[in-house]
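*Asks:* Sending over a structure as structure tokens; questions will come in a sec.
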Amino acid sequence: MTTTPSGQHRWRFFRSGGFDQVRIETADDLRHLGALDQKLWAVLACPTAGLEFDERTLQLIDGDGDGRIRVPELRAAVRWVCEVLRDPGLLFEPGDSLPLAALDDRHTEGQELLAAAREVLVRVGRAGGDTLSMEDLADPARLFPPERFNGDGIVPTALTSDEAVRALIEQIVASVGAQTDRSGQPGVSADTLQAFLAAAEQVRAWQDKACSEAAQILAFGDGTAAALAAFDAVQAKVEDYFTRCRLAAFDERATDALNPADSRYADIAALALSDARQEVAALPLAKVVPGAALPLVDGINPAWQAAMAALREQVVTPVLGEQTRLTLAQWQQLSARLTAYREWQAAKPATPVADLPAEGLSSLVQPATVAALQALIEQDAQSDTDATGVDALEKLLRLRRDLITLLRNFVNLSDFYGGQQPAVFQAGTLYIDQRSCDLCLRVADMGRHAALAPLSGTYLVYCQCVRQGEAPMTIVAAMTGGDSDEMMVPGRNGVFYDRAGRDWNASVIKVVEAPISVRQAFWAPYKRVARMIGDQIQKFAAARDKDVEARSAAGVTQVGTQAEAPADGARQQAFDIAKFAGIFAAIGLALGALGTALAAVVSGFLGLPAWQMPLVVLGMVLLISGPSMLLAWLKLRQRNLGPLLDANGWAVNIRARINIPFGASLTGVAALPAGSERSLHDPYADKANPWPWLVLLAVLLGAVFWAYRQGWL
């Protein structure tokens, strides 16, 4: 054990990312991690979801289940591992296999883990084995057979031979929903049992009301449901008939209009008619006569005869006896007799249990059957010896495989700065615009992330990534190399490769601008000037083109007007030579001034000693690019990883810098491989045209010569 003279553990630190990071490399480092000052930890908290890390391991470490890992929880996990293993140095070896000899059986917990490990090996068919791995825990059905108690408080049907209890379990699963037993089988827990019993009590109360108030609710006895169905089938049509008859009684002139017109019969006469035709069913139920009763036997629309026969048999006859006609008052009387049943049906509990017949429900919830199932649930919940040991083994195996990786992304950020393997927050690599971006993070909340991430001082590209068969996801990529001239939003597309090597279609949806490199800052002023000149030329050309078009249109109009006017009235405007002379003079003065300035610059530059000329050129370059480069250099030194992680729910405890050299390693820019051959011949290259340069040179020489003749030089 490495200790200081005072007996304390001697920590070792390394410098990376602009801050001191503690090394976690030995078993002694793990044993003393709880004593390390929390102010020296790189991270104080991280989420359990959205990382390139086993989520189940994080959930086992998350003691309070709030979805975040904090320093005390990680300390507790490290302390527990150091207590149950003889040599915690095993965690630094890759893999998930655990030799049984590595368990410290000198205390009770180690002995229990060793006994549980041997029992697991027996259940998976490797009795007498000396190592345990995650593969041995992969099949819950082998570890926890459904016919054995396992401590989760969930009872599948295989756990009982009582047919009544099995029927109750099956009905609860079908009505309320299944809970998954450790064996993987559907079962019933105390909560689902209570939910079923509560629903059954509501249904039984609803069913008992029909029995206690049968005279009102079941007005047609056992045939009430059929009577209501027969009544509802014709209710709208019957009420339509009575309304028509009442309108005809109100005004006999409406009778013809309320009955089908002859033309309507003529329209359907050519059709192949049957009782099922919609055109027939749309006709009135019977002939409309002022104040008439509804015929029940003869004179009924053929499409409704079967439904009316059911109404007569199941509703009219049981109450009114044999009837051939039905008055409006009798119809309202029949409707009133069904009101109580309608209200009872409307009060039916909204649960699948309500569909069970009363007799079947009563047999299911017999007190003895319910008590037997409750006893099984309690017995299973208390028989947790095997389950506790297996759960502890699962946690130990996962920590044996993953704990060091988590520490190297929590206590320090050695994975991120080491370059050997990606950090747990790096989601993959984005290829776009001839570069690869390795610092890519998943984004769950775009609004929150876009508000905090710009504080990192990094050029950020947000992309929507889609892949067939997968849910879309949003990522943010930090660009720390190349330039940003071609980064268009929206519209620029790339390809994102996740940590599993799967490719996603990536589309840029947002860009947060910031300096990328000093080299980009050097060329930025010239690019801005060139862009400004190009924009002005385009605006000037567009304005001239529009002016020419307007003048052409005006000229055509003027010619037409002059052609229509009398010949003797047309007068041409006299050519004003003085006006044009003034214009040429102004142009000459402008060219002269330009030539004078250019000549002064050239003559002054050529009058310098040869050794001063490069210094002047260098000074001009620094004067133009220097401020932009200095500003970019200062901002690049301030780039910080912290806001990118904080925006995703982390609590970063340090200022993790992304300086210029490290940033260059996070973004790869396209370059030809070493030793490659390159041909500079391009058959489609732009052809050199000397005329623009010759014209420019001639104009400049003419301006200089004219200024010389004027005596200005």
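The values are calculated or read from the model by the stated rules, or taken from the named source; none is laboratory data. This one's a predicted model, so the numbers in the text were calculated from it and none came from an experiment. Positions of Cβ are generated from backbone atoms using ideal geometry, with glycine treated the same way; all protein chains shown enter the neighbour counts. For accessibility, only protein heavy atoms count, side chains too; no ligands or nucleic acids. Shrake-Rupley method; radii C 1.70, N 1.55, O 1.52, S 1.80 Å.
*Asks:* Where the second residue is open to solvent by less than 30 Å² (accessible area, probe 1.4 Å) and of a type in the set (Val, Ile, Thr) and the first is part of a loop (DSSP other than H, G, I, E, B) and lies in the range 136-164, which pairs have Cβ atoms under 6 Å and are six or more apart or on separate chains?
*Replies:* Cβ pairs passing all conditions: 153/377.
*Asks:* Here are some residues: 266, 329. Which one is in a helix (DSSP H, G or I) and within 30 Å of residue 210 (Cβ to Cβ)?
*Replies:* Residue meeting the stated conditions: 329.
*Asks:* Oh, and also: Could you list, in sequence order, the residues of the range 397-419 that are part of a helix (DSSP H, G or I) and touching a strand residue (DSSP E or B) at 6+ places or on another chain (Cβ under 7 Å)?
*Replies:* So in the range 397-419, the residues part of a helix (DSSP H, G or I) come out as 397-407, 414-418.
The answer is 397, 400, 414, 417.
*Asks:* Considering each of 462, 497 in turn, give the residue that is surrounded by fewer than 19 Cβ atoms within 10 Å (Cβ to Cβ) and part of a strand (DSSP E or B).
*Replies:* On the way: 462 fails: surrounded by fewer than 19 Cβ atoms within 10 Å (Cβ to Cβ).
Unique residue meeting the criteria: 497.
*Asks:* Applying the selection to the range 656-694, what residues are surrounded by 10 or more Cβ atoms within 10 Å (Cβ to Cβ) and of a type in the set (D, E, K, R)?
*Replies:* 657
*Asks:* Exactly one condition in (1) closer than 30 Å to residue 38 by Cα; (2) free of Cβ contacts under 8 Å to residues at least 60 places away in the same chain; (3) assigned to a loop (DSSP other than H, G, I, E, B) is not met by residue 680; state its number.
*Replies:* (1)
*Asks:* Take the residues in the range 92-135 that are of a type in the set (Val, Ile, Thr) and out of contact with any strand residue (DSSP E or B) (no Cβ under 6 Å at 6 or more places or on another chain), then tell me which one is nearest to residue 82 (Cα to Cα).
*Replies:* 108
*Asks:* Related question: Can you name the residue in the range 634-655 that is open to solvent by 60 Å² or more (accessible area, probe 1.4 Å) and either of a type in the set (Lys, Arg) or not in a helix (DSSP H, G or I) (or both) and is also nearest to residue 516 (Cα to Cα) among such residues?
*Replies:* 635
*Asks:* Under 8 Å between Cβ atoms, which residue pairs at least 6 apart in sequence (or on different chains) link something in the range 351-373 that is open to solvent by less than 70 Å² (accessible area, probe 1.4 Å) with a partner that is aromatic (Phe, Trp, Tyr)?
*Replies:* As it stands, the answer is 353/196; 354/206, since those pairs meet every condition given.
*Asks:* If I filter the range 30-39 for residues that are under 37 Å from the mean Cα position of the chain (by Cα) and either in a loop (DSSP other than H, G, I, E, B) or surrounded by fewer than 17 Cβ atoms within 10 Å (Cβ to Cβ) (or both), do I get at least one hit?
*Replies:* Yes, the conditions are met somewhere in the range 30-39.
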